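Colleague: Once you've had a glance at the structure underneath, I'll fire off some questions.
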Amino acid sequence: MTRIPRIAIVGGGPAGLTLARILHVSGIQAAVFERDADPDERPQGGTLDLHEGSGLLAMERAGLTAEITAVARYDDQGTRLLNKAGELLFEDLDEDGNRPEVDRTELRAVLLASLPDGAVRWGCTVREAFETSDGAWHLRFDHGVEGPFDLVVGADGTWSRIRPLLSPYAPQYSGLTFVEFGLDDVDRRHSALAKLVGHGKMSVEADGKAIIAQRNGNAHIRGYAIFRVPTDWVEKRFDLSTPSAIREALKRQFHGFAKDFIDLIGASNDHFAVRPIYALPVGHCWTHRRGLTLLGDAAHVMSPFGGDGVNNAMLDAAELARLLVERERWTEAVSEFETLMFARTVESAHGAAEAAATQLSHDGEALALEMFRSHLAEASRSEY
């Protein structure tokens, strides 16, 4: 490398922090600008499974395998599919799997602890990124302008402020909206519901709607009521004034489902979130522009049904860091990274789009059962 570039990373999620960490262990410092005021300002989301060859590989390159293993839950990799009457259609305990579950909050904490003091600048929402006549980039915040930087990496998620400088495409609504809810201390307070969900993920789909519930750490279950509806449907149909009103509205939507599913909603705490699901076009790409690039959801946000989103993001970070270290010219490293990323993420994006298109269809339950069985058969073949 002829010169170490001055790097700004916009976004302190898994992609941005993984990039900062791997660069740090390689002797390259980067400034991470995060809009959250502090690490605890808002929930980081539910559990995620780290995959070999992507998320776990990124943690290995970051030198954090031991730290992630310490917080990973290898016993929560199971899958259960039930019908609306509460009858079990499919179960895979997956006790020997190698896709450990990690809470997003734990992942972020591990990454933050691995960075030097001051690497993350909190409370920094990017208002503008602009290039000066000397080819350097600057970032404008409420507190003023930061820069100059040679490379600005947009790791700032679905509604990236950096993406419009590279691509005219905006994420499009998938037709699916999630209403997120949670249950606390389930093993002690709701043992029957804990058994319903099991050690991993439980799904039920019927009548154009679904519930997915996942076991998180600390005896917490995070649930999602899923509907194929217009973007403003929840706001129009639900009374959102109080948690109890939202809870009752959800219970009415699942009238006719087994009592266990209604009880799952009824036992929820007072934290709800409405999450319309957006995605960029499959094969989203852009013409390389010196000094700018994108990672993770900023580059290729997709529906969560493929299960590859965070893993793709962390592998993006690992690959960009690798090329910045290995290539003589950092500009060529960024261009090469983009070309490889465009090709690598197409399969994941296509699968996620296909899953979103068929989810909650007339054949949704049968398709889900077929998918789970095929995944189990594929995993069995890979063992030999």
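The values are calculated or read from the model by the stated rules, or taken from the named source; none is laboratory data. Please read all numbers here as calculations on a predicted model, not as lab measurements. Here Cβ is always computed from backbone atoms with ideal geometry, including for glycine, and neighbour counts include all displayed protein chains.
Colleague: Tell me the residue from Gly309, Gly291 that is of a type outside the set (Phe, Trp, Tyr) and at pLDDT 95 or above, please. Let's see the steps before the verdict.
Modeller: Working: Gly309 fails: at pLDDT 95 or above.
After ruling out the rest, the residue left standing is Gly291.
Colleague: If you take the residues of the range 214-228 that are farther than 10 Å from Leu183 by Cα and in contact with a Leu (Cβ under 8 Å, 6 or more places away or on another chain), which of them is surrounded by the most Cβ atoms within 10 Å (Cβ to Cβ)?
Modeller: Ala225
So that you can scan it fast, the table gives a plain yes or no per residue for (1) assigned to a strand (DSSP E or B); (2) within 22 Å of Gly217 (Cβ to Cβ):
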{"residue": "Asp38", "(1), (2)": "no, yes"}
{"residue": "Asp75", "(1), (2)": "no, yes"}
{"residue": "Arg80", "(1), (2)": "yes, yes"}
{"residue": "Lys84", "(1), (2)": "no, no"}
{"residue": "Arg99", "(1), (2)": "no, yes"}
{"residue": "Arg108", "(1), (2)": "no, yes"}
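Colleague: Separate question: Mind checking which residues of the range 110-122 are in a helix (DSSP H, G or I) and out of contact with any Leu (no Cβ under 8 Å at 6 or more places or on another chain)?
Modeller: Ala113
Colleague: In addition: Kindly indicate whether Ala313 is in contact (Cβ under 8 Å) with a residue 60 or more places away in the chain, in the same structural domain as Lys201 (by TED's automatic domain parsing) and of a type in the set (A, V, I, L, M).
Modeller: Answer is no for this residue.
Colleague: Where residues in the range 265-284 are within 24 Å of the chain's Cα centre (by Cα) and not in a loop (DSSP other than H, G, I, E, B), which of them is surrounded by the fewest Cβ atoms within 10 Å (Cβ to Cβ)?
Modeller: Applying the first criterion (within 24 Å of the chain's Cα centre (by Cα)) to the range 265-284 yields 265, 268-284.
Narrowing the set further to residues that are not in a loop (DSSP other than H, G, I, E, B) leaves 265, 273-279.
Values: Ile265: 24, Ala273: 12, Val274: 15, Arg275: 15, Pro276: 17, Ile277: 22, Tyr278: 18, Ala279: 22.
For the range 265-284, the residue satisfying everything is Ala273.
Colleague: Which of the residues that make up the range 200-213 are buried (at least 17 other Cβ atoms within 10 Å of the Cβ) and not acidic (Asp, Glu)?
Modeller: Gly200, Lys201, Met202, Ser203, Val204, Ala206, Lys209, Ala210, Ile211, Ile212, Ala213
Colleague: Right, another one. How do the pairs read when you match residues in the range 214-237 that are farther than 16 Å from Gln359 by Cβ with residues anywhere that are among the aromatic types (Phe, Trp, Tyr) and surrounded by fewer than 18 Cβ atoms within 10 Å (Cβ to Cβ), using Cβ under 7 Å and keeping only pairs 6 or more apart or on different chains?
Modeller: Listed pairs, sorted by first residue: Thr231/Tyr173.
Colleague: Here's a follow-up. How many residues does the range 99-158 contain that are acidic (Asp, Glu), under 26 Å from the mean Cα position of the chain (by Cα) and surrounded by fewer than 15 Cβ atoms within 10 Å (Cβ to Cβ)?
Modeller: Residues of the range 99-158 acidic (Asp, Glu): 101, 103, 106, 117, 128, 131, 134, 142, 146, 150, 156.
Still in the running and under 26 Å from the mean Cα position of the chain (by Cα): 101, 103, 106, 117, 128, 156.
Filter once more, so that each one left must be surrounded by fewer than 15 Cβ atoms within 10 Å (Cβ to Cβ): 117, 128.
Residues flagged as acidic (Asp, Glu), under 26 Å from the mean Cα position of the chain (by Cα) and surrounded by fewer than 15 Cβ atoms within 10 Å (Cβ to Cβ) within the range 99-158 amount to 2.
Colleague: Here is a check on your reading of the model: is Glu328 at pLDDT below 95, in a helix (DSSP H, G or I) and farther than 24 Å from Val179 by Cα?
Modeller: No; evaluated as a whole, the condition is false for this residue.
Colleague: Tell me, yes or no, whether the range 177-196 has at least one residue that is surrounded by fewer than 13 Cβ atoms within 10 Å (Cβ to Cβ) and of a type in the set (Val, Ile, Thr).
Modeller: No - not one qualifying residue is present in the range 177-196.
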